1. For region 109-132, give me each residue that is assigned to a helix (DSSP H, G or I) and among the polar types (S, T, N, Q).
2. Specify which of the listed residues (Asp67, Asp89, Asp71) is more than 18 Å from Ala2 (Cα to Cα) and not small (Gly, Ala, Ser).
3. All but one of (1) surrounded by fewer than 16 Cβ atoms within 10 Å (Cβ to Cβ); (2) in contact with a Ser or Thr (Cβ under 9 Å, 6 or more places away or on another chain); (3) farther than 30 Å from Asp275 by Cα; (4) not aromatic (Phe, Trp, Tyr) hold for Ala250; state the number of the condition that does not hold.
4. Which ones in region 133-149 are in a helix (DSSP H, G or I) and among the polar types (S, T, N, Q)?
5. Is region 102-113 home to any residue that is in contact (Cβ under 8 Å) with a residue 40 or more places away in the chain and either β-branched (Val, Ile, Thr) or surrounded by fewer than 16 Cβ atoms within 10 Å (Cβ to Cβ) (or both)?
6. Can you tell me which residue within region 20-34, out of those that are of a type in the set (Gly, Ala, Ser) and modelled with pLDDT under 95, is farthest from Glu194 (Cα to Cα)?
7. Return yes when Lys11 is closer than 29 Å to Ile193 by Cβ, within 22 Å of the chain's Cα centre (by Cα), modelled with pLDDT of 95 or more and assigned by TED's automatic domain parsing to the domain that holds Glu181 and no when it is not.
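The values are calculated or read from the model by the stated rules, or taken from the named source; none is laboratory data. Treat the numbers as computed from the prediction; the structure is a model and nothing was measured. Note: ideal-geometry Cβ built from the backbone for every residue, glycine included; neighbour counts use all protein chains shown.
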Amino acid sequence: MAIIEVKNLSKTYASGTHALRDVSLTIEKGEIFALLGPNGAGKTTLIGIITGVVNKTSGAVTVLGKDIVRDYRFTRSRIGLVPQEILLDPFLTVEESLCYQRGFYGKKRDDALIKNILQSLSLWDKRTQQVRTLSGGMKRRVLIGKALTNEPEILFLDEPTAGVDVELRKDMWAQVAQLRERGTTVILTTHYIEEAELMADRIGIITGGELKIVERKSELLKKLGDKKLLVTLSAPLARIPDALKKYGLALSEDGTQISYRYGTNTAHVTEFLADLERQNIAVQDIDTRTRSLEEIFVELINQK
């Protein structure tokens, strides 16, 4: 079931900058969707439009079947947003920050809910501390806590682990997994490729305001994560023999290793190894590896 539908969405700022160009996207209920892209790609603008923070230029967006402009009260009440910037009142306590945030949604005070959120984010022991006394990582947790106070069906995380140490980052990954188990739909933007590779069900890659690809993580890796054969030679080569150039090989600087990208067709590997033998090239070791999501990401954003 689609929980968010984006159709032909575009955004042009007064400066003339085209932040989004004809973006269409469907987010399914209960999934974790990762939006990857370099700085200025349009990630934050897309999130801003869906959450009602930024006005669109053209196109349409619906949340749970409701238009975000006509039915803004309904759609915004179903969404939680963790922004990139740490926007917190420094003199409120951690607990007050969450309680006040729930009030902004017009919801009744719920001490049990607030306690549960604070405990799940390891903030219960810090509930009486003023926000200004917290570390950057703990402030990030408070932002997530605030976004959960209205019990959202959809949670947007815009660079949630930026500036957070590895330990806290792993804790936040665990929190996102728990949210998904409770049925919350999570959309995150990130610069950390390992976050998308670890958590996401589907991945979208955006650059220059255009959505280049949207695919299930497993399918993306299967389609684009072709394999590489690393052949270590018994003796170094000065150059690739002409008879082997059809394979598009790469020779290491010291001439001791050949790399061959062969996709999913293993028959080509057998042919390649046979040709090595015909060229009297002695092999010391053979290893294989699959392209990582990071390599795929870099390749796609650099495509013209």
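1. Step one: of region 109-132, the residues assigned to a helix (DSSP H, G or I) are 111-120, 124-126, 131-132.
Within region 109-132, Asn116, Gln119, Ser120 qualify.
2. Working: Asp67 fails: more than 18 Å from Ala2 (Cα to Cα); Asp71 fails: more than 18 Å from Ala2 (Cα to Cα).
Criteria check complete, one pass: Asp89.
3. (3)
4. Looking only at region 133-149, we keep the residues that are in a helix (DSSP H, G or I), and these are 133, 136-148.
Within region 133-149, just Thr133 meets the criteria.
5. First pass over region 102-113, keeping only residues in contact (Cβ under 8 Å) with a residue 40 or more places away in the chain: 102, 105, 107.
Adding the requirement that they be either β-branched (Val, Ile, Thr) or surrounded by fewer than 16 Cβ atoms within 10 Å (Cβ to Cβ) (or both) leaves 105, 107.
Yes: region 102-113 contains one or more residues that are in contact (Cβ under 8 Å) with a residue 40 or more places away in the chain and either β-branched (Val, Ile, Thr) or surrounded by fewer than 16 Cβ atoms within 10 Å (Cβ to Cβ) (or both).
6. Checking each candidate, the answer is Gly30.
7. yes
Quick grid of which residues meet (1) β-branched (Val, Ile, Thr); (2) under 15 Å from the mean Cα position of the chain (by Cα); (3) at pLDDT 85 or above; (4) not in a loop (DSSP other than H, G, I, E, B):
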residue	(1), (2), (3), (4)
Gly163	no, no, no, no
Arg169	no, yes, no, yes
Leu188	no, yes, yes, yes
Leu220	no, yes, no, yes
Thr232	yes, no, yes, yes
Ala235	no, no, yes, no
Ala243	no, no, yes, yes
Ile258	yes, no, yes, yes
Tyr262	no, no, no, yes
